[in-house]
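This report concerns only the one structure given below.
The values are calculated or read from the model by the stated rules, or taken from the named source; none is laboratory data. Just so it is clear, the structure is predicted and the values come from calculations on it, not from any experiment. Here the Cβ is made from the backbone with ideal geometry for all residues, glycine too, and neighbour counts use every protein chain on show.
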Amino acid sequence: MKHRKLVVTLLFAASAAIVLASWAQRNGIDTANLMRFATAAEGPRVIEIKAKKFQFTPSEITLKKGEPVILRLTSEDRTHGFLLKPFKIDSDIIPGHATDIAVTPPATGQYIVICDHYCGTGHGNMKMKLTVVE
Amino acid sequence: MENKIDRRSFLRIAGSSLSIGALYSVFAPLARGAEGEVLTRTMAALNGEPPAPFSFIQLSDTHVGFNGPPDPLGTRAFEGAVAAINKLKRRPELVIVTGDLTHDADSPDEHARRYKLFKQIAGKINAAQIKVVPGENDAALDNGDMFREFMGPLHYSFDHRGVHFIALDNVSRGRPEVGAEQLAWMKADLARFSKTAPIIVFTHRPLFDLKPEWEWFTSDGDAVMNALAPYENVTVLYGHIHRENFHQQGGTKLYAARSLIFAFPDPATPGVRKPLPFDKAQPFKNLGLRFVKGQRAGRDLRIEDVELTMNEYSGTVGMDQMLKHGTSDTIEE
């Protein structure tokens with residue numbers, strides 16, 4: 001009985017999707033954009049970055065040009081910095097709470113993020129790579 | 001009379017490489033002759049005291065306590081610099097040290113020991129005054145508490161022979177910044193002076209975006225430079241980058257000095273910042289001193305590059321003996 005209900009539900013969902021897609025096509029609506037709109041309504045992608053002496057984790061991230069994302073920064077030990085000068089981002093990362101930074105990469109390329117809050121003798125090596133692709 | 005006088009030529013700062021730091025000669029180049037006397041009187045009336053010729057030395061980034069790759073020489077270059085200063089024919093009236101006097105240490109006791117060693121070596125300098133500012137290794141982890149205890153205030157100003165010196169701290173807040181409070185202090189300090197007053201600012205980090213991805217900048221450096229901009233005779237001396245550099249912003253000239261520990265590469269070098277490798281054959285290579293003197297009433301500059309030689313370590317002493325005290329320690333800045 002349960003199995004039959006599931007099949008009926010899936011058939012209904014598939015039919016509704018076909019009808020919706022057909023309606024969108026007749027009215028000149030780009031379904032790809034429709035999907036993007038639906039995704040955007042859920043909010044930008046969140047990328048978690050952890051800082052501790054003397055490294056960022058992950059040490060490398062890739063973003064898409066023009067895609068809004070949230071960089072969620074946390075520290076596992078002490079105050080660190082997060083400097084991405086080409087994007088005018090310069091923030092402290094304070095232990096105990098997350099720091100959210102909204103960024104929409106304006107241009108493709110490779111960038112270096114550094115910790116610019118002195119954190120000890122290995123501070124100069126604390127960096128991560130950020131790549132922006134099309 | 002004023003039309004005949006180039007006020008900007010009144011203060012000449014020069015440097016030549018003696019491999020130990022930077023020796024600056026400050027001139028009142030027009031002080032000779034009738035026109036110069038008028039100018040001197042004018043400047044005295046405007047600024048309170050007429051600038052007079054004197055020399056001073058800038059040392060930087062001694063990193064006392066650092067002893068390992070890329071430089072296994074410890075304090076040898078610093079001690080060599082002190083010896084070279086003490087051999088100068090004219091005793092300098094003033095020595096300034098632009099930060100990172102000590103190398104950071106995890107243990108406060110060890111860091112305190114390094115401060116004591118810095119003071120012990122610097123105490124041998126035959127100069128009337130030694131003035132210092134902190135580097136991030138000295139003051140960034142404890143907001144400058146230990147620096148205050150051993151060396152004194154983090155920022156201050158003083159006058160010397162008609163030149164106004166401002167010691168600026170852009171490290172003790174942890175971040176590369178001066179901060180609103182210190183900036184307000186500096187503006188109030190400057191307000192006492194005429195726009196023609198000779199001013200020398202000394203600090204640790206560059207006050208402009210030399211290479212932010214190598215942390216060679218000060219985040220509120222623009223605000224500092226804007227506050228200095230109305231003044232006609234401003235020179236900024238700094239360290240941190242472990243190499244010579246010259247930059248001009250408006251009428252303000254900014255000079256970086258070599259370090260006394262190891263050198264960093266040219267900021268035009270792509271990629272990550274790595275210290276230049278130690279060269280056993282030339283252990284003091286790139287650890288330099290700049291020595292410049294004004295000529296012909298300060299209109300021209302004579303620049304001498306003098307390489308610190310290894311003579312004192314040759315023969316029976318030898319390089320191997322020189323290196324033997326080195327212990328392992330890792331650091332990159």
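Among the residues of the range A:100-109, which ones are among the small types (Gly, Ala, Ser) and more than 14 Å from chain B (Cβ to nearest Cβ)?
A:Ala102, A:Ala107 - these are the residues of the range A:100-109 that are among the small types (Gly, Ala, Ser) and more than 14 Å from chain B (Cβ to nearest Cβ).
Quick check on my filter: what residues within the range A:85-104 are buried (at least 22 other Cβ atoms within 10 Å of the Cβ) and within 16 Å of the chain's Cα centre (by Cα)?
none
For a quick check of your reading of the model, give me the residue pairs whose first member lies in the range A:110-134 and is facing another protein chain (nearest Cβ under 7 Å), whose second is aliphatic (A, V, I, L, M) and in a loop (DSSP other than H, G, I, E, B), with beta-carbon atoms closer than 6 Å and at least 6 apart or on different chains.
So the pair list comes out as A:Tyr118/B:Ala140; A:Thr121/B:Ile331.
Looking only at the range B:227-244, which residues are small (Gly, Ala, Ser) and either closer than 18 Å to B:Leu101 by Cβ or in contact with a Lys or Arg (Cβ under 6 Å, 6 or more places away or on another chain) (or both)?
Selection gives B:Ala227, B:Gly239.
Of the residues that make up the range A:57-66, is at least one of a type in the set (D, E, K, R), within 12 Å of chain B (Cβ to nearest Cβ) and under 23 Å from A:Thr121 (Cα atoms)?
No: zero hits.
Every residue in the range A:70-99 that is acidic (Asp, Glu) and more than 11 Å from chain B (Cβ to nearest Cβ), please.
Correct list: A:Glu76, A:Asp77.
Any idea which of B:Thr102, B:Thr98 is buried (at least 24 other Cβ atoms within 10 Å of the Cβ) and within 14 Å of chain A (Cβ to nearest Cβ)?
Result: B:Thr102 is the single residue among B:Thr102, B:Thr98 that is buried (at least 24 other Cβ atoms within 10 Å of the Cβ) and within 14 Å of chain A (Cβ to nearest Cβ).
What number goes with the only condition from (1) surrounded by 24 or more Cβ atoms within 10 Å (Cβ to Cβ); (2) within 14 Å of another protein chain (Cβ to nearest Cβ); (3) within 17 Å of the chain's Cα centre (by Cα); (4) not acidic (Asp, Glu) that B:Ser172 does not pass?
(3)
Restricted to the range B:219-249, and to residues that are free of Cβ contacts under 8 Å to residues at least 60 places away in the same chain and under 16 Å from the mean Cα position of the chain (by Cα), which residue is nearest to the other protein chains (Cβ to nearest Cβ)?
This residue is B:Ile241.
Going by what's in this entry, would B:Pro212 be described as within 14 Å of chain A (Cβ to nearest Cβ), buried (at least 23 other Cβ atoms within 10 Å of the Cβ) and under 21 Å from B:Ala140 (Cβ atoms)?
No; evaluated as a whole, the condition is false for this residue.
Residue-by-condition table, conditions (1) modelled with pLDDT under 95; (2) buried (at least 21 other Cβ atoms within 10 Å of the Cβ); (3) closer than 27 Å to B:Pro92 by Cβ:
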{"residue": "B:Arg161", "(1), (2), (3)": "yes, no, yes"}
{"residue": "B:Glu177", "(1), (2), (3)": "no, yes, no"}
{"residue": "B:Lys187", "(1), (2), (3)": "no, no, no"}
{"residue": "B:Leu190", "(1), (2), (3)": "no, no, yes"}
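Just to verify a result, which residue in the range B:123-145, among those that are away from every other protein chain (no Cβ under 12 Å) and in contact (Cβ under 8 Å) with a residue 60 or more places away in the chain, is nearest to A:His123 (Cα to Cα)?
So, considering only residues that are away from every other protein chain (no Cβ under 12 Å) and in contact (Cβ under 8 Å) with a residue 60 or more places away in the chain, the one nearest to A:His123 (Cα to Cα) is B:Val133.
So for the range A:58-68 (the condition being crowded, with 17+ Cβ neighbours inside 10 Å, more than 26 Å from B:His63 (Cα to Cα) and of a type in the set (D, E, K, R)), does at least one residue qualify?
The answer is no; no qualifying residue exists.
Only one residue in B:Leu94, B:Leu117 is at pLDDT below 95 and among the aliphatic types (A, V, I, L, M), so which one is that?
B:Leu94
Could you tell me whether the range B:184-194 includes any residue that is away from every other protein chain (no Cβ under 14 Å), touching a residue at least 60 places away in the same chain (Cβ under 8 Å), out of contact with any Pro (no Cβ under 9 Å at 6 or more places or on another chain) and of a type outside the set (S, T, N, Q)?
Yes: one or more hits.
Mind counting the residues in the range B:146-159 that are surrounded by fewer than 16 Cβ atoms within 10 Å (Cβ to Cβ) and either within 14 Å of chain A (Cβ to nearest Cβ) or more than 25 Å from B:His111 (Cβ to Cβ) (or both)?
Adding up the residues that qualify gives 2.
Go through the range A:124-134 and give me each residue that's out of contact with any Lys or Arg (no Cβ under 8 Å at 6 or more places or on another chain) and not in a strand (DSSP E or B).
A:Asn125 - this is the single residue of the range A:124-134 that is out of contact with any Lys or Arg (no Cβ under 8 Å at 6 or more places or on another chain) and not in a strand (DSSP E or B).
I'm trying to understand the selection: among the residues of the range B:228-245, which are touching a Phe, Trp or Tyr at 6+ places or on another chain (Cβ under 8 Å) and closer than 19 Å to B:Pro212 by Cβ?
Those that are touching a Phe, Trp or Tyr at 6+ places or on another chain (Cβ under 8 Å) and closer than 19 Å to B:Pro212 by Cβ: B:Val236, B:Tyr238, B:His240, B:Ile241, B:His242, B:Arg243, B:Asn245.
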